[in-house]
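Okay, so here's the structure we're looking at.
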Amino acid sequence: DRLLFVADNGRYVFAGPAFDLWHGARLESFDQAVNLAQRIDLARLKLDPAALGALDLGTGPRDVVAFVDPLCPHCRSLLAALPPLADRYRFRLVPLPVLGKGSQDVVLRLDCLAERDPAAARQALLEHRADELPKPEGACGQAAAQRALVAAQLLGVTAVPLLIAPDGRVAPGVPKDLARWLEGTP
């Protein structure tokens, strides 16, 4: 009848009212806690993907945020699956360097180009040519890359690709049937 939270090591138990501050909800049940934990409401968090260097693909009325590393093979397969769905969704592709120094260099190149020409940066990402872009000079691209890293840490993004559906559901990796997953059908 009560919701209890136990520390990872089992040492502490927290009893009493619990709140999900990201969703502004008082937790009344375990199922509710699990459901909310599997969703991220970017609008409620006032987190704009554009500030994270998002490269937009598509003209659909519903937004899907995807954290991707330009050098990640699984991200590349996700990117290849997006164009056929671009009339139903706007994919907000957030470059995130998770695969080390090489990824960091490529993300900075993309973010720098995006400051001048977002369409060219998007094409470089989709065509897997981001590593061929010129190296940025000065601090070009660094602000968006740093904001993306901080946001990813706060959101708990530990691997890519990571998708956030229009209804806030989160999927690590590439769903087997992306279109069905985006529609919310199992």
Inspect segment 32-55 for any residue being open to solvent by 60 Å² or more (accessible area, probe 1.4 Å), polar (S, T, N, Q), more than 13 Å from R92 (Cβ to Cβ) and modelled with pLDDT under 90 and give the result as yes or no.
yes
Close pairs (7 angstrom Cβ cut-off, 6 or more residues apart or separate chains): in contact (Cβ under 8 Å) with a residue 24 or more places away in the chain and within 17 Å of P118 (Cα to Cα) in segment 140-155, open to solvent by 80 Å² or more (accessible area, probe 1.4 Å) and among the acidic types (D, E) anywhere:
C140/E115; G141/E115
Among F91, F67, the single one that is in contact with a strand residue (DSSP E or B) (Cβ under 7 Å, 6 or more places away or on another chain), in contact (Cβ under 8 Å) with a residue 40 or more places away in the chain, aromatic (F, W, Y) and closer than 20 Å to A152 by Cα is F67
Quick one: K46 ticks every box in (1) in a helix (DSSP H, G or I); (2) under 20 Å from V170 (Cα atoms) bar one, so which box is it?
(1)
One residue from V94, V106, V98 being open to solvent by less than 40 Å² (accessible area, probe 1.4 Å) and either under 26 Å from P166 (Cβ atoms) or not in a helix (DSSP H, G or I) (or both):
V94
State which residue is farthest from the chain's Cα centre (by Cα) when the search covers only segment 154-168 and only residues that are at pLDDT below 95 and either among the aromatic types (F, W, Y) or not in a loop (DSSP other than H, G, I, E, B) (or both).
L154
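The values are calculated or read from the model by the stated rules, or taken from the named source; none is laboratory data. Model, not experiment: these values are computed from the prediction. Virtual Cβ from ideal backbone geometry, glycine too; neighbours counted across all protein chains shown. Surface accessibility is based on the protein's heavy atoms, side chains included, excluding ligands, DNA and RNA. Shrake-Rupley method; radii C 1.70, N 1.55, O 1.52, S 1.80 Å.
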